[in-house]
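Just below is one structure, and these are the notes that go with it.
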Amino acid sequence: MNLLVRLFVQYPVLLLAITVHEYSHGKMAEKFGDDTARVMGRLSLNPVVHMDIIGTVILPLLSIITGAPLFGWAKPVPVNMYHMNKKQIIFVSLAGSLANFLTAGIFAFIFHILRIYKIDFQGSEMLFIYAILINIVLAVFNLVPIPPLDGSKVLSSLLPGNLAYKYESAMAQYGFFLILILLSTGILWAFLSPIINFLIHLFIPNFWGIF
């Protein structure tokens, strides 16, 4: 793939996706009375305040240069969940992925409107397509119930107290390494790919016919 496309289309879209994701966690937490993100200057749609040197800069740029699939993350928005009930924790945890699905939906809506009315994209088709794809992938990936991903907080909140404690204790130290292993072996993507492909075709029914 063209290096310029990856650098000036995919990378900005990734920054948008992870920024919206983290902002939404903080905004939902604020609705439940936790202003930690705002106090720490993290309740912002400015991608700079969410940048993680490895996950937002080094790893994505290495992916771009080497041609590997674009991958990255932002610094988690600080949220104080100790004063929230389980239902509120679930809403806060799901807010990031829901925001990414909404973002994908907005780009898909505009994309289809432009195509229906045969408005010239001026070469911007790839921007819309990658905005949809990256937001969907990020949303689904974060729902995996392994720490530090958001799905782990959802699962922990759904489990009875003793099981939640055992789950958190067992996964807290090794969750990140487990994710890396599952990614490197392809096991995780084998599981997620059918879900991601279904959602992509839901947002862009004729996806494969575009290229």
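The values are calculated or read from the model by the stated rules, or taken from the named source; none is laboratory data. The structure presented is a predicted model; accordingly, all values stated were derived computationally and were not measured. We place every Cβ from the backbone using ideal geometry, glycine too, and count neighbours over all the protein chains shown.
Pick out the one residue from LEU98, LEU45, LEU59, LEU4 that is surrounded by fewer than 18 Cβ atoms within 10 Å (Cβ to Cβ) and either over 25 Å from ILE132 (Cβ atoms) or over 20 Å from the mean Cα position of the chain (by Cα) (or both). Steps first, please.
On the way: LEU98 fails: either over 25 Å from ILE132 (Cβ atoms) or over 20 Å from the mean Cα position of the chain (by Cα) (or both); LEU45 fails: either over 25 Å from ILE132 (Cβ atoms) or over 20 Å from the mean Cα position of the chain (by Cα) (or both); LEU59 fails: either over 25 Å from ILE132 (Cβ atoms) or over 20 Å from the mean Cα position of the chain (by Cα) (or both).
Only one candidate passes the filter, namely LEU4.
Considering PHE71, PHE32, which residue is of a type outside the set (A, V, I, L, M) and within 18 Å of the chain's Cα centre (by Cα)? First the steps, then the outcome.
Numbers: PHE32 fails: within 18 Å of the chain's Cα centre (by Cα).
Being of a type outside the set (A, V, I, L, M) and within 18 Å of the chain's Cα centre (by Cα) holds for just one of PHE71, PHE32, which is PHE71.
For region 45-94, which positions are within 14 Å of GLU22 (Cα to Cα), among the aliphatic types (A, V, I, L, M) and touching a residue at least 24 places away in the same chain (Cβ under 8 Å)?
Those that are within 14 Å of GLU22 (Cα to Cα), among the aliphatic types (A, V, I, L, M) and touching a residue at least 24 places away in the same chain (Cβ under 8 Å): LEU45, MET51, ALA74, VAL77, VAL79, VAL92, LEU94.
Quick one: which helices (runs of 4 or more DSSP H) sit completely within region 142-198 and have at least 1 residues that are surrounded by 12 or more Cβ atoms within 10 Å (Cβ to Cβ) and at pLDDT below 90?
In region 142-198, 161-172, 175-185 are the helices (runs of 4 or more DSSP H) which contain 1 or more residues that are surrounded by 12 or more Cβ atoms within 10 Å (Cβ to Cβ) and at pLDDT below 90.
Does any residue of region 86-95 turn out to be in a helix (DSSP H, G or I), more than 14 Å from the chain's Cα centre (by Cα) and over 30 Å from PRO160 (Cα atoms)?
Checking region 86-95: not a single residue is in a helix (DSSP H, G or I), more than 14 Å from the chain's Cα centre (by Cα) and over 30 Å from PRO160 (Cα atoms).
Might you let me know whether region 134-154 holds any residue that is of a type in the set (Lys, Arg) and without any contact (Cβ under 8 Å) to a residue 40 or more places away in the chain? Full working, then the answer.
Step one: list which residues in region 134-154 are of a type in the set (Lys, Arg), which gives 153.
When the remaining residues are screened for being without any contact (Cβ under 8 Å) to a residue 40 or more places away in the chain, the result is none.
Within region 134-154, none of the residues are of a type in the set (Lys, Arg) and without any contact (Cβ under 8 Å) to a residue 40 or more places away in the chain.
Here is a yes/no grid of residues against (1) among the charged types (D, E, K, R); (2) part of a helix (DSSP H, G or I); (3) under 14 Å from VAL79 (Cα atoms):
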{"residue": "VAL9", "(1), (2), (3)": "no, yes, no"}
{"residue": "LEU15", "(1), (2), (3)": "no, yes, no"}
{"residue": "GLU22", "(1), (2), (3)": "yes, yes, yes"}
{"residue": "LYS27", "(1), (2), (3)": "yes, yes, yes"}
{"residue": "GLY33", "(1), (2), (3)": "no, no, yes"}
{"residue": "ARG42", "(1), (2), (3)": "yes, no, yes"}
{"residue": "LEU61", "(1), (2), (3)": "no, yes, no"}
